[in-house]
Amino acid sequence: MPETAVVARSPIAPAPPETVVAGWVVSGRRSTAGLVLTDCTPLAKVAVKATPHGAMQERLHVPFGRAARRSPALQAPGDALLVIGSGPGEWLVVAPPGAQSRLLEQLNAAAAGVTELVTLLDITHGRALVRLTGDRSPDLLAKECGLDLADAVVRNGSALRTAVAKLATDLVRDDRDGVRSYLLHCERSSGQYLFDALRDAGREFGVDVTGFEPAGI
Amino acid sequence: MILLPCPWCGPRAADEYAYLGELTPRPDPQRATRTEWRDYLYLRANLAGWTTERWYHRMGCRRYLTVQRHTVSNDVRSVAAAGSGGEP
Amino acid sequence: MTETLSSARELSRALEAMQRQLLEAALRRPRYEVLPLDGTADAVVDHVPREVTVTVTASPRRGMEPTLALSESLARQGYRVVPHLAARLVIDESHLRDMLCRISEAGIRDIFVIAGDGEPAGVFPDSLRLLSALREGQGDGLGQHLEQVGVAGYPEGHPDVSDAQLTRALLAKQPSSTYLVTQLCFSARTVSAWVDRMRAAGVSLPVYPGVAGVVDQRKLLRVAQRIGVGQSVRFLRKHHGLLRLLSPGGYRPDGLVRELASRLAPSADDMAGLHVYTLGAVAATERWRREALEQTLEAVDRHRSRRRRVAPPSRYSALALVRHGVTGQAWPRAWDRHEPRDGYDVVIVGGGVHGLATAYYLATNHGIDNVAVLEKSYIGSGGSGRNTAILRSNYLTAEGVQFYDRSLQLYRRLAEELNFNVMFSRRGHLTLAHSDASLRTMRWRAEVNKLSGVDSEVIDADEVQRLVPYLDTSTAARYPILGALYHPPGGIIRHDAVVWGYARAASAFGVHVHQDTEVTGIDVNDGRVRGVQTTRGPIAAPIVVNATAGWSSLISAMAGVRMPVQTFPLQAAVTEPVRPFLHTVVVSGTLHVYMSQTARGEIVFGASVDPFASYSTRGSLDFLEGLASHVLELMPSLATLRVLRQWAGLCDMTPDFAPIMGRTHVEGFLVDVGWGTYGFKAGPVSGEAMAECIATGRTPELISAFGLHRFAEGELVGEKGAAAVGH
Ligand SMILES: Cc1cc2nc3c(=O)[nH]c(=O)nc-3n(C[C@H](O)[C@H](O)[C@H](O)COP(=O)(O)OP(=O)(O)OC[C@H]3O[C@@H](n4cnc5c(N)ncnc54)[C@H](O)[C@@H]3O)c2cc1C
Ligand SMILES: [Zn+2]
């Protein structure tokens, strides 16, 4: 039975048909294309700021430039967690929809006793998050991003912030089942633009849109 | 366009950064005369050669950097986190 | 024999040039004397542009208050105001102090001191007594803000005072005053004879001859009644010439003003400006002034073309083309090559349009031809040969509008003047509005422009579509076009031709243009410039002008002058030629792009400056990518057009997007820089103004807002909005 109580909308218009997942209006479309774009904005997102190489970094155990599926500071079952070292002394923690309060609690606990200034902020509704999956995703991104995305440079689990379609974007290489996949994270107000830009760029590679599924992240 | 090697992020195209201009010593606002303060606001050496300047990696690490760049060739000989020395 | 003849002819030509200049300057910025009546403020604001100084008389019947109130209100409106202080209306020193305080607070720096009519209301029976009080009070700050103090002169004598007494009084007032305004006068001969007498007697104050404006008699009578009959009768007695005012059809001062200029020409101080008694007819007087100014400018043109015939740069004509074609005979050099002299009267660094125009106007307008232009590469190798050649005058501030409008006027006549086809195409200039906010600013700009007589109008999207059919004016565009600021007199010009034309004409008038001559140092000693060091040896010069745009910080630094300039590259690109389809210049500030089609059919594109300061002129792919995407937003049908070339030039950007012109703290070292991305259109007017500044030693009003000292004083110019991307 589909949920009906709507609490939130992504800034990215859902491709029809619409459905509701965890209180979010999302696209119910399912695509089997080899290159797909998914609006993952419903995922819980918490920003952490602390001193680079400080005690908080030690507890999170994720350095700048890397993204990890687990962290000693956070308990999450299975694949349902991603801790992204998005900047020097900056992290983005991503978990299934609705998990933000649990995340904040755990992070708060992790920060206990840390003497440096630690800032925790729920940015779930302030940002947009898009996933691009498919072997040709580097080709698509090459049209919008100046970085060399070859394996030797940006291997799986790499996190970086750079310009994608002239937009400051967190770019995380996070392969799924051995298939190339990237998460792209930007300001909410630029979400639709980023999504459109990626879709435009991917047209020649047959990119398609597929709806958000809460399983995993 | 040129590449600037960010000490945090690695080499990135200059358009990822905001150029904030040559470093000018800031007089003490409590004690500076209006003229000194306006000199600080407006006057620039604008050298043709090696200059020390401030850049901000707005699309990357969002850190301020001290860059030594040759304004004729655009060669960059050093980039360091702002405040880590190398500033006049 | 022939030598004396030709030098006599030259002398008379120089004299003629001075007269015209005097006349032009006098008509451009006269003083209007107005009466402090109800409605005067409105009449002034409605009709009088801000470059006219307004002097406000004092009424014996109503006291000083109306004079002060009107002065304050006009000063608030941006006028340069001169209140008349009638000594007999001032009660005592504390009254004087109060009034000067108010005057100072209103930002007024100039007063005109007269005796005033009637019985003294207080302790000052005449102007001399008041001036003495001012002088004595100076120590404790009385009138300390005053820069100018004027006093009256009586060329036709005074009904109650003898000439000898008048002269003695003037001599006594001289130490505490700075200029003289003559009473209303109708004979230039009388004025000039009087000036001669005063000079002989030792009065050296600059003189503003007073003339009546355009007055119709009914209005005159009405004013006379309002002032009070008794006074107007005295007025009539004092000015017997006034009867001429009452002739049918009213009175026009044309002849008088021309004759004054011609009689007083040899010394600028003898006619420091014109003082016009408007006698209540402000609008008519202003109309007259505009006409007279226009006529004078035309006369200056004719004068210049006459001069050209005397020393003609070799003529390019269809006939010459055929002759050279048939005979295979080589064309003469357009400008001569010389060995540098040991010294010049003026050395100009930088062979762009600014340097060359300055040299040309020094030679033609001021007869100063011992001038060298030093260029490190070839002339026009800087911004002047790399710009996109857009000309327009629809700026935002009154200063900006007047300045650029004058430049357009000069450009319009340039081909004829230089006998060189500069291909000025007045095709209209469109600045697109993509938002309500920019539409609003444009309305404002259009209204400001109208005030200065500049043709500028906001048009809607349909009209835009009609003017430029290939623009995407659909509402589906990412940045829909809501309208535009349309400026019909704007257009494009062939930039190289302008540079070459000025160089050729300057050379014909004796200026040396030295290419491949780089300035490597500037000799300064005792705060004075002595000359320059160059790759071809030292050159002495008492005056050195920095006109090097992108390199100007480096040249100023050689003279020890620091500048608020940063050098940024600006790029441009051009496509393959196609058939003419784009008949106006199109600018989009929102999209940071502008375009025009050259006479050859290429589309020329420009954008905003590179994102960081540099002296490198390499183009970048980022620029081309950004440009292409923005151009296609505007005109999708250009997608198949190929870009042929791309290049960059150096722009000297200032904090307020306005130039830096005039003198510096190093005597003899002048700058004409800070032209950023918009200076080509200003070449002629800058050259003219810089030449005047050099020749007269005075900073012309037109450029007085652009001095280098404005940064230390915090008086930046508010032109950024209109100058930034508009070109
Ligand atoms: C791409 C581009 C587009 C533009 N578009 C427009 C436009 O559409 N409309 C507009 O009005 N303006 C435009 N501009 C601006 C305009 O080109 C400049 O403001 C103007 O040309 C400046 O003229 P100038 O004579 O002062 O300087 P320049 O023409 O730059 O001349 C300065 C000269 O000084 C010389 N020099 C430098 N150092 C030395 C030295 N040490 N010794 C001797 N010589 C030296 C240089 O070689 C150079 O020739 C544009 C500029 C660029 C780059
Ligand atoms: Zn960085």
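For the range C:526-608, the strands (runs of 3 or more DSSP E) that sit wholly inside it and include 2 or more residues that are touching a residue at least 24 places away in the same chain (Cβ under 8 Å) and within 14 Å of chain B (Cβ to nearest Cβ) are C:566-575.
Of all the residues in the range A:29-56, those that are closer than 25 Å to residue A:141 by Cα, in a loop (DSSP other than H, G, I, E, B) and touching a residue at least 12 places away in the same chain (Cβ under 8 Å) number 10. Being farther than 22 Å from residue C:483 by Cβ and touching a residue at least 40 places away in the same chain (Cβ under 8 Å) is the filter; apply it to the range C:619-637 and report the residue that is farthest from the other protein chains (Cβ to nearest Cβ). Ranking the candidates gives C:627 first.
Here is a yes/no grid of residues against (1) under 15 Å from residue B:82 (Cα atoms); (2) within 8 Å of another protein chain (Cβ to nearest Cβ):
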site: B:7; (1), (2): yes, no
site: B:41; (1), (2): no, yes
site: B:44; (1), (2): no, yes
site: B:70; (1), (2): no, no
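Of the residues screened, residue B:23 is one that is more than 30 Å from residue A:171 (Cα to Cα) and either more than 16 Å from ligand 2 (Cβ to nearest atom) or over 12 Å from the mean Cα position of the chain (by Cα) (or both).
Taking the range B:21-39 only, how many residues are facing chain C (nearest Cβ under 8 Å) and either touching a Ser or Thr at 6+ places or on another chain (Cβ under 6 Å) or not basic (Lys, Arg) (or both)? Walk me through how you get there before you give the answer.
Filtering the range B:21-39 down to residues facing chain C (nearest Cβ under 8 Å) leaves B:21-22, B:34-35, B:38-39.
Okay, now just the ones that are also either touching a Ser or Thr at 6+ places or on another chain (Cβ under 6 Å) or not basic (Lys, Arg) (or both), so B:21-22, B:35, B:39.
Total satisfying the criteria: 4.
Please state which one of B:45, B:18 is within 14 Å of ligand 2 (Cβ to nearest atom) and in contact (Cβ under 8 Å) with a residue 12 or more places away in the chain.
Details: B:45 fails: within 14 Å of ligand 2 (Cβ to nearest atom).
Result: B:18 is the single residue among B:45, B:18 that is within 14 Å of ligand 2 (Cβ to nearest atom) and in contact (Cβ under 8 Å) with a residue 12 or more places away in the chain.
When the criteria are applied in full, residue C:649 meets the requirement of being within 28 Å of residue B:40 (Cα to Cα), touching a strand residue (DSSP E or B) at 6+ places or on another chain (Cβ under 7 Å), within 13 Å of ligand 1 (Cβ to nearest atom) and not assigned by TED's automatic domain parsing to the domain that holds residue C:365.
For the range A:57-73, which positions are out of contact with any strand residue (DSSP E or B) (no Cβ under 7 Å at 6 or more places or on another chain) and crowded, with 16+ Cβ neighbours inside 10 Å? I'd like the intermediate steps shown before the answer.
Filtering the range A:57-73 for residues out of contact with any strand residue (DSSP E or B) (no Cβ under 7 Å at 6 or more places or on another chain) gives A:57-59, A:70, A:72-73.
Those that are out of contact with any strand residue (DSSP E or B) (no Cβ under 7 Å at 6 or more places or on another chain) and crowded, with 16+ Cβ neighbours inside 10 Å: A:57, A:59, A:73.
Checked against (1) surrounded by fewer than 24 Cβ atoms within 10 Å (Cβ to Cβ); (2) within 20 Å of the chain's Cα centre (by Cα); (3) near ligand 1 (Cβ under 9 Å from one of its atoms), residue C:354 passes all but condition (1). Scanning the range A:195-217 for residues being touching a Leu at 6+ places or on another chain (Cβ under 8 Å) and assigned to a loop (DSSP other than H, G, I, E, B) gives a total of 4.
For residue C:420, state whether it is over 18 Å from residue C:682 (Cβ atoms), modelled with pLDDT under 95 and surrounded by 21 or more Cβ atoms within 10 Å (Cβ to Cβ). First the steps, then the outcome.
On the way: over 18 Å from residue C:682 (Cβ atoms): yes; modelled with pLDDT under 95: yes; surrounded by 21 or more Cβ atoms within 10 Å (Cβ to Cβ): yes.
Considered against the rule, which asks whether it is over 18 Å from residue C:682 (Cβ atoms), modelled with pLDDT under 95 and surrounded by 21 or more Cβ atoms within 10 Å (Cβ to Cβ), residue C:420 comes out as yes.
Given the condition part of a strand (DSSP E or B), surrounded by 14 or more Cβ atoms within 10 Å (Cβ to Cβ) and away from ligand 1 (no atom under 16 Å from the Cβ), answer yes or no: does some residue in the range B:30-44 qualify? Checked against the condition, which is being part of a strand (DSSP E or B), surrounded by 14 or more Cβ atoms within 10 Å (Cβ to Cβ) and away from ligand 1 (no atom under 16 Å from the Cβ), the range B:30-44 yields at least one hit.
Every listed requirement among (1) out of contact with any Asp or Glu (no Cβ under 6 Å at 6 or more places or on another chain); (2) farther than 24 Å from residue C:673 by Cα is met by residue C:618 save one, (2). When you look at residue C:401, is it outside the structural domain of residue C:706 (by TED's automatic domain parsing) and either in a loop (DSSP other than H, G, I, E, B) or modelled with pLDDT under 90 (or both), yes or no? Against the criterion (outside the structural domain of residue C:706 (by TED's automatic domain parsing) and either in a loop (DSSP other than H, G, I, E, B) or modelled with pLDDT under 90 (or both)), residue C:401 does not qualify.
Residues checked against (1) closer than 30 Å to residue C:496 by Cβ; (2) of a type in the set (Phe, Trp, Tyr); (3) touching a Leu at 6+ places or on another chain (Cβ under 6 Å); (4) surrounded by 20 or more Cβ atoms within 10 Å (Cβ to Cβ):
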position: C:426; (1), (2), (3), (4): yes, no, no, no
position: C:429; (1), (2), (3), (4): yes, no, no, yes
position: C:436; (1), (2), (3), (4): no, no, no, no
position: C:440; (1), (2), (3), (4): no, no, no, no
position: C:456; (1), (2), (3), (4): yes, no, no, yes
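Filtered by the rule that a residue be in contact with a His (Cβ under 8 Å, 6 or more places away or on another chain) and either of a type in the set (Val, Ile, Thr) or within 16 Å of ligand 2 (Cβ to nearest atom) (or both), the range C:354-407 gives C:371, C:373, C:388, C:390.
Here is the figure for the range C:394-409: residues that are within 16 Å of residue C:717 (Cβ to Cβ), of a type outside the set (Asp, Glu) and either more than 13 Å from ligand 1 (Cβ to nearest atom) or in contact with a Phe, Trp or Tyr (Cβ under 7 Å, 6 or more places away or on another chain) (or both) total 7.
Within the range C:509-517, not a single residue is more than 14 Å from ligand 1 (Cβ to nearest atom), part of a strand (DSSP E or B) and either buried (at least 23 other Cβ atoms within 10 Å of the Cβ) or of a type outside the set (Ser, Thr, Tyr) (or both).
Here's the yes/no breakdown for (1) crowded, with 18+ Cβ neighbours inside 10 Å; (2) part of a loop (DSSP other than H, G, I, E, B); (3) at pLDDT 50 or above:
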site	(1), (2), (3)
C:261	yes, no, yes
C:266	no, yes, yes
C:276	yes, no, yes
C:279	yes, yes, yes
C:302	no, no, yes
C:323	no, no, yes
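Could you look through the range C:640-672, keep only residues that are farther than 21 Å from residue C:530 by Cα and among the β-branched types (Val, Ile, Thr), and pick out the one that is nearest to ligand 2 (Cβ to nearest atom)?
Step one: filter the range C:640-672 for residues farther than 21 Å from residue C:530 by Cα, giving C:640-660.
Add one more test, that the residue is among the β-branched types (Val, Ile, Thr), and what stays is C:640, C:643, C:654, C:660.
Details: C:640: 39, C:643: 32, C:654: 31, C:660: 36 Å.
Across the range C:640-672, the extreme among qualifying residues is C:654.
Only one of A:147, A:160 is out of contact with any Cys (no Cβ under 7 Å at 6 or more places or on another chain) and either assigned to a helix (DSSP H, G or I) or crowded, with 20+ Cβ neighbours inside 10 Å (or both). Can you tell me which? Steps first, answer last, please.
Details: A:160 fails: out of contact with any Cys (no Cβ under 7 Å at 6 or more places or on another chain).
Just a single option satisfies the conditions, and that option is A:147.
Look through the range A:159-213, keep the residues that are polar (S, T, N, Q) and closer than 15 Å to residue A:141 by Cβ, and return whichever of them is farthest from the other protein chains (Cβ to nearest Cβ). Ranking the candidates gives A:181 first.
Taking residue B:18, is it closer than 18 Å to residue C:567 by Cα and either more than 8 Å from chain C (Cβ to nearest Cβ) or in contact with a strand residue (DSSP E or B) (Cβ under 7 Å, 6 or more places away or on another chain) (or both)? Against the criterion (closer than 18 Å to residue C:567 by Cα and either more than 8 Å from chain C (Cβ to nearest Cβ) or in contact with a strand residue (DSSP E or B) (Cβ under 7 Å, 6 or more places away or on another chain) (or both)), residue B:18 qualifies.
Select from the range C:379-393 the residues that are within 6 Å of ligand 1 (Cβ to nearest atom) and in a helix (DSSP H, G or I) and write down the one among them that is nearest to residue C:355 (Cα to Cα).
The initial filter retains those residues of the range C:379-393 that are within 6 Å of ligand 1 (Cβ to nearest atom), namely C:381-384, C:386-390.
From what is left, the residues that are in a helix (DSSP H, G or I) are C:383-384.
Working: C:383: 12, C:384: 10 Å.
Among them, the one singled out is C:384.
Against the list (1) away from ligand 1 (no atom under 16 Å from the Cβ); (2) more than 13 Å from the chain's Cα centre (by Cα); (3) within 8 Å of chain C (Cβ to nearest Cβ), the condition residue B:60 fails is (3).
The values are calculated or read from the model by the stated rules, or taken from the named source; none is laboratory data. Please read these numbers as outputs of a predicted model, since none were measured by experiment. In this analysis, Cβ positions are derived from the backbone assuming ideal geometry, glycine residues included, and neighbour counts consider all displayed protein chains.
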